[in-house]
Every structure is written in C-alpha cells, then in structure tokens.
Amino acid sequence: MKKIIYSLFIVGLASAALLEKPTFTKVGFTGATFLKINTSARVQALGGAFIAISDDINALSINPAGLKNLKETAVLANYTDWIGDFTYSYLAYAMPLPYGAFGIQVGFMNYGSFEETTLDEPEGTGNTFSASSSLVGFSYARALTDKLGVGITLKVIREAIARESASGFAFDLGTHYNTGFKNLRIAMSMQNYGSDLSFKGPDLDIGAIPQDWVDYYNYGGSTLPTTFKTAPYKLPLVFRIGLATDLVDIPQHKLTVALDVQHPNDGAEKVMTGFEYTFDRMLSLRFGYKLDPDRTYDEWNEGRYTYGLSGGLGLKLGFGPSRFGIDYAVMDNGLLGLNHFVTLIYSF
C-alpha cells in the first residue's frame, strides 16, 4: 500500500511537471474570483492541498464533507493581506450535531477606493468610489458510514462597484473517505456551481428617446426610462480531487502529506502538494507548493522560481476544555509579491 501511495504522489507531480502551457486558456473568463482565495493560514501554508485532510473548521471553504471529522465547536477568524491594498476578511463557525455537523461562513473582500474618471473628465472628476465582494455560506455534513461522509454548502454571493451590484447563489458538494489504512484519506469536491451574475444599479438607468421616433414621428415628448443591460459572467467553478496520509503518527510527532489536483473552468489544471509536521499536538510547521501552468512558465522566464511556494506555522494552546490556536502563512505570488495570512481559531 505504501508503494501505491508514493506512486500516486510521484505520478501526480511528474504529470504536473510535464504539463505544457496551452496556447489558449479561459483565464479571466469568470468573475467573483475572490472565491478562489484560500480562507485560512493553515490551508494556504499547505499550498491549498487540504481537501483530503479537512479535519477541522477549515473544511468549510474547501470540502464541506470534512466537517464530519469535527469533534468540537470552533470559531475561526482570518485576515489576508492580498495584492495591492486589497484585504480579505473571513469569519466561520462550525459545530458538531447528533446527526452530522453544521457551519456558517462569511467572507468580505475590500478593494479599497478608486478615483472616478469619465470620458469627459479622463483626469478625474474629484469623486471616488469603492468596490467589494462578499459571501455568506451555510454548510451541513454527515457521515454515511464510519469512513464515508458527504457535505453541501449553499452560498450567497454579492459583488459591488460604485452604486452597482451583482448577486447570485452557488453551492459546493464534497465527499470524504477514510480508507482505514495509515489514515489514508481520499476526497472530491465541486465548488461554486451556481447562476451567472450580472450588474444592476441606478447608474445604469438613463433617459432616452429612440432616434427613429424623432426622425419619422417628430416626437418631442419626455424621455423614456431606459436601463443598460450588462453582460452576465460565470462563477469560478472548480472540481477538485485529493488524497492525504500520515507518514508518521506517534504520540509526539505527526507528519502529514497531501496532494490535490484542481480543474477550474477558467484555466489549466493545477496541482498542489503540502506537508505538515506537528509536535506534541501543539506546534505545527507547514510547507506547500502550487503548480499553476497559467502563470508558472511566464514567471520562470522572468527568473522567478519561487512562485507558488507557501509556508507557515501554527501554535495551539489548551485552557481546560478550550483550545486557542494561531496560524500564519506566507505565499509567493510571483510578480504580485508576497501575501500574508493570519488566522485565529478558538475551540470549545
């Protein structure tokens, strides 16, 4: 069995290394891309390879089926220093139930303020406007057997710019299976399956008179209420499969390795791998790598060989029946610089 596990990892990494960048991909064909940002330092430090681990509240945003592994109620707060002045704040709550587990999550991406320009005033009008993206999600998971679990998440998504906004619904589906051998876990999920979004708002409402009314009927009445219709855009649908196993699992030492393969609707396949070493269930060291053919080869041409690398650490302290944890991660986002993640978790 060990040979099979190692072979899967080697084959996955070798296949990813041989991937050729396609001549055409759908990069940029979707909106609400904030949904693709990892929502905790632990997940990011592992390079995003977490779908099969999914053993705590972090499963909410990756694989809702992982909530079946939840043993205690937990609250999570994460802050992400994203590109430029963008920031992403994320809150989550999850609790085990007699027949499954329930969770709720809230995310808010703040893009900051921008100077307003128009065709008549390209240098700026003196006004500013803001933009943001947000989500609210409700999850439920249940173990069908002592090894297999399923989960579902319903999400409400909203994006806003100036006085215009777009809203819609999406859901995630996930499965999580523990083989029972060396804690080998296999998982699959589908994320962000939902309706297309399109912007609406008062700035799209105008008054107009059809030109043929003036030319042929000499219409001189009041303007007619008219609204510009914006083109709809799709959500970033993602299919993911992964596996994880504990290479070492003794009382004071635990080493977990994970591999995820991701198929998005707006780009080439991605491969993520992560390693997590935990000492005495208190201190964790993590390392991860994400291979993204949509960007990696361009970054290599620029001499940047560390794009996709992530790392971090975590600390857990017990206070009676409660536990407090803090996680930190840093990711090399290539030409966009380093991104930092800080997560606080309270379990009781």
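The values are calculated or read from the model by the stated rules, or taken from the named source; none is laboratory data. Predicted model, so just to flag it, every value in this text is computed and none were measured. As a convention, Cβ positions derive from the backbone with ideal geometry for all residues, glycine included, and neighbour counts pool all protein chains shown. Note: accessible area is taken over every heavy atom of the protein model, side chains too, but ligands, DNA and RNA are not part of it. Shrake-Rupley method; radii C 1.70, N 1.55, O 1.52, S 1.80 Å.
Quantify, in whole percent, the carbon and sulfur part of the accessible surface of the chain (1.4 Å probe; protein heavy atoms only).
Carbon and sulfur together cover 63 percent of it.
Bin width 10 Å, alpha-carbon pairs only: give the P(r) of the stretch 228-348 as whole percents, running from 0 to the bin holding the largest distance.
Going out from 0 Å in 10 Å bins, the stretch 228-348 shows 11, 30, 33, 18, 6, 1, 0 percent.
Determine the relative contact order of the chain: mean sequence separation of Cα pairs under 8 Å and six or more apart, normalised by residue count, in whole percent.
So the answer I get is 20 percent.
Name the chymotrypsin sites (Phe, Trp or Tyr not before Pro) in the stretch 83-130 that are in a loop by DSSP and that have at most 15 other C-beta atoms within 10 Å, would you?
Passing both the DSSP loop test and the Cβ count: Tyr99.
For the chain, with the dipole built from +1 on Lys and Arg beta-carbon atoms and -1 on Asp and Glu ones, taken about the Cα centre, which of Phe275, Ser139, Val248 lies farthest toward the positive end?
Toward the positive end, the furthest listed residue is Val248.
Whole-Hz ³J(HN,Hα) for each residue in the stretch 148-154, computed from phi via Karplus 6.51 cos²θ - 1.76 cosθ + 1.60 with θ = phi - 60°, x for glycine and proline: what do you get?
Running phi through 6.51 cos²θ - 1.76 cosθ + 1.60 with θ = phi - 60° gives 10, x, 10, x, 9, 10, 9 Hz.
Considering only C-alpha atoms, what is the centroid distance from the stretch 111-138 to the stretch 154-168, in Å?
14
Taking the Cα centre of the chain as origin, sum charge times position over the Cβ atoms of Lys and Arg (+1) and Asp and Glu (-1), and report the length of that vector in debye to the nearest 20.
Dipole about the Cα centre, nearest 20: 1980 debye.
Just the number please: accessible area per residue for the chain, 1.4 Å probe, all protein chains included, in Å².
Each residue of the chain exposes 52 Å² on average to a 1.4 Å probe.
Aspartates and glutamates within cross-link reach of Lys68: Cα-Cα under 16 Å, excluding same-chain residues under 8 positions apart?
Asp55, Asp56, Asp146, Asp172
By the scheme Lys and Arg +1, Asp and Glu -1, what is the net charge of all other residues having a beta-carbon under 12 Å from that of Lys200? Let's see the in-between values first.
Working: positive: Arg158, Arg163, Lys229; negative: Glu159, Glu164, Asp203, Asp205.
Result for the neighbourhood of Lys200: -1.
Beyond 21 Å between alpha-carbons counts as too far, so tell me which of Lys71/Lys254; Lys36/Lys155; Lys234/Lys290; Lys36/Lys182; Lys36/Lys270 fall in that bin.
As for pairs spanning more than 21 Å Cα to Cα, those are Lys234/Lys290; Lys36/Lys182.
If you line up the long axis of helix 2-17 against the longest principal axis of the chain, both from Cα atoms, how many degrees apart are they, to the nearest 10?
30
So which trypsin sites (Lys or Arg not before Pro) in the stretch 24-119 are both in a DSSP loop and have at most 10 other Cβ atoms within 10 Å of their Cβ?
Lys71
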